[in-house]
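*Asks:* Sending over a structure as structure tokens; questions will come in a sec.
The values are calculated or read from the model by the stated rules, or taken from the named source; none is laboratory data. Fair warning: this is a prediction, and the values are worked out from it, not measured in the lab. Positions of Cβ are backbone-derived with ideal geometry, glycine not excepted, and every protein chain shown enters the neighbour counts.
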Amino acid sequence: MDTKILSTPFPKKDPYGSLAMPVYHTAAYEFETAHEMEDAFTGRTSEFVYSRIANPTVTNYENRVKAITEAQNVLAFNSGMAAISGAVITLAWNGCNIVTSPHLFGNTYSFFASTLKAFGVEARFCDMTNVQEVESKIDSNTCAIFLEIITNPQMEVADLKAISEVCRKQNVPLIADTTVIPFTHFRAKNFGVDIEIVSSTKYISGGATSLGGLVIDYGTWGGATSQKLKDVPEAENSTRFFTKIFREIHRNLGAFMTPETAYLQTIGLETTSLRYEKEAKSCKKIAEKLQRHSEIVAVHYPALNNKIANEQFGEYSGAMFTFDVKTREKAFEFIDRLKLIRRATNLFDNKSLAIHPASTIFGTFTDEMRKKMDVKDTTIRISVGLEGEEDIYDDIVQAL
Ligand SMILES: *Cc1c(COP(=O)(O)O)cnc(C)c1O
């Protein structure tokens, strides 16, 4: 896998033999003849036409992700939210519903509960750890099941294989936001995920250089029974879903990844697996040790005590953990006293980051909504970076 990340060739030979994929900073592409233009514009050839549709630097990045994940198709967006909204808009229609959990990234929750609602899409929130409940929410108008593999900050883990079986039986696609564990280490396809979504802003960018999102289609959900997609023509190397998102939705929403971002994230991709290994190892050790601290009420890191997490993710469940202190005031004091760990949102930067989710990411939600989402006033979230593990631990202990 590490070799594939580094040696996926360019789609075309670069005229100067550039070793790194150049940043093709252009809006449009020139043709020799009217016939060539017709072929490219109508999709008979895959020549580049216009950078809102495709760009060589971005395609190279997508191809590398495709090689690593062994997906059928990959499409890059300009943020994780653009990837989520693009994928769901591709599947949804007025009158449909999407079955999901109330434990979601804040903007994803708001996208389902508010943005989509205005277009006649009902979000059916349920407990993803209860497979019977999930199945009971599905009906002939369900466009997809959407979940996050480890919810944040609740750190809940659903049984993906069990949910995927329900999806197969009911002919609905399983969409998983896998941002919290990179695809270099978590093989979503092996757990029945049909469409994987990643905020590449996080692990892949690494240095927090850029925003990006990926839609990774494993080609396992055909869409022949979908009210929305059944009329999209079937193609040999593309599902109906991918044809629709690539040929229509992505272009119309204009949420394309820029070549600069693709360049930065291709560099990030080359070291994602290495960085993840160090960060996840430090994270587990720190979380383990903090369980015994008298100021901490509870530590949440699924790999420490969750059987399903161990089966799905192996030894480590990402490089983020949360813990609860005794009061909201103590949580604020903790954040203020940090010396090494940065006070910032974002995840999986090379630098360790700390945040109090209830007052920040979920700060504009009402108390009642936070309660529904199980976002507690006493929870701190730590994203573990590449600093020395002892230094990160010591900073947490002195701040406690
Ligand atoms: C950050 C994040 C997103 C959104 O990604 P952006 O790149 O910020 O748009 C979605 N899901 C999860 C789990 C995230 O952590």
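*Asks:* Looking at segment 338-355, is at least one residue among the aromatic types (Phe, Trp, Tyr), away from the ligand (no atom under 16 Å from the Cβ) and touching a residue at least 40 places away in the same chain (Cβ under 8 Å)?
*Replies:* The answer is no, given that none of the residues of segment 338-355 is among the aromatic types (Phe, Trp, Tyr), away from the ligand (no atom under 16 Å from the Cβ) and touching a residue at least 40 places away in the same chain (Cβ under 8 Å).
*Asks:* To continue, here is another question. Looking at segment 46-77, which of its residues are surrounded by fewer than 19 Cβ atoms within 10 Å (Cβ to Cβ) and either within 15 Å of the ligand (Cβ to nearest atom) or β-branched (Val, Ile, Thr) (or both)?
*Replies:* VAL49, ILE53
*Asks:* Same structure again: Considering only segment 233-308, give the helices (runs of 4 or more DSSP H) lying wholly within it that have at least 3 residues that are in contact (Cβ under 8 Å) with a residue 24 or more places away in the chain and within 25 Å of SER51 (Cα to Cα).
*Replies:* By residue number, 240-244, 250-253, 259-290.
*Asks:* Only one residue in THR90, THR129 is away from the ligand (no atom under 16 Å from the Cβ), under 28 Å from SER200 (Cβ atoms) and touching a Lys or Arg at 6+ places or on another chain (Cβ under 8 Å), so which one is that?
*Replies:* From the options THR90, THR129, the qualifying one is THR90.
*Asks:* How about segment 370-400: which of its residues are at pLDDT 95 or above and in a helix (DSSP H, G or I)?
*Replies:* Correct list: GLU389, GLU390, ASP391, ILE392, TYR393, ASP394, ASP395, ILE396, VAL397, GLN398, ALA399.
*Asks:* If you check THR220 against the conditions, is it β-branched (Val, Ile, Thr), in a loop (DSSP other than H, G, I, E, B) and within 16 Å of the ligand (Cβ to nearest atom)?
*Replies:* No: the conditions fail for THR220.
*Asks:* With at pLDDT 95 or above and more than 27 Å from HIS185 (Cα to Cα) as the only criterion, which of SER273, SER294, SER282, SER226 stands out?
*Replies:* SER294
*Asks:* Which condition number does ALA280 fail, the rest of (1) touching a helix residue (DSSP H, G or I) at 6+ places or on another chain (Cβ under 6 Å); (2) over 14 Å from PRO153 (Cβ atoms); (3) surrounded by 15 or more Cβ atoms within 10 Å (Cβ to Cβ) being met?
*Replies:* All conditions are met except number (1).
*Asks:* Given ILE84, ILE98, which one is over 20 Å from PHE183 (Cβ atoms), modelled with pLDDT of 95 or more, touching a strand residue (DSSP E or B) at 6+ places or on another chain (Cβ under 6 Å) and surrounded by 13 or more Cβ atoms within 10 Å (Cβ to Cβ)?
*Replies:* Result: ILE98 is the single residue among ILE84, ILE98 that is over 20 Å from PHE183 (Cβ atoms), modelled with pLDDT of 95 or more, touching a strand residue (DSSP E or B) at 6+ places or on another chain (Cβ under 6 Å) and surrounded by 13 or more Cβ atoms within 10 Å (Cβ to Cβ).
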